[in-house]
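One structure below.
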Amino acid sequence: MMRGLSFAAAIGLVSTLAAGSAIAQDAGVRAMADRLNDYPTAARADYVFGCMAANGQDQKSLRNCSCSIDVIASILPYEKYEEAETVLSLQQASGERMSAFKTMNMATTIVADLRRAQAEAEMLCF
């Protein structure tokens, strides 16, 4: 009788551990999906529109540009993408105050990360 109870307890423990593992795995999958989908739809659409303006207004460009932003999103968290886009827009502005964004090491590093992600996307999607 005691042996049967121990076996039943062991089965229950294994079931509990398996369920806990599945929950942890599901949470990990959700966390990865959230990270990969942290770009707002408007930001993705803005990128695709700009990309299509540069590469053609056809179905092939739509597919390539959509692929490109998906690859960038898989490499670069949205926060970093947004920082790089901000730095790029400030670099285009003229004036003495804006020149710091063209030479500042942190700004060039942020933009370089975006450029690497864009290069990866171009290799995979175009």
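Annotation: amide H of Phe126 has no partner in the under-5 Å range at sequence separation 5 or more or interchain, hydrogens built in the peptide plane.
With the simple model of a label 7 Å out from the Cα in the direction of the Cβ, Ala54 to Met106 spans 2.6 nm.
Our coupling estimate for region 79-90, obtained by passing each phi through the Karplus curve with A = 6.51, B = -1.76, C = 1.60 and θ = phi - 60°, is 4, 5, 4, 5, 4, 5, 4, 5, 4, 4, 5, 6 Hz, Gly and Pro reported as x.
Computed from the coordinates by the stated procedures, all read-outs in this text should not be read as laboratory data. What you see is a predicted model, and the numbers here were worked out from it, not measured in a lab. Note: ideal-geometry Cβ built from the backbone for every residue, glycine included; neighbour counts use all protein chains shown.
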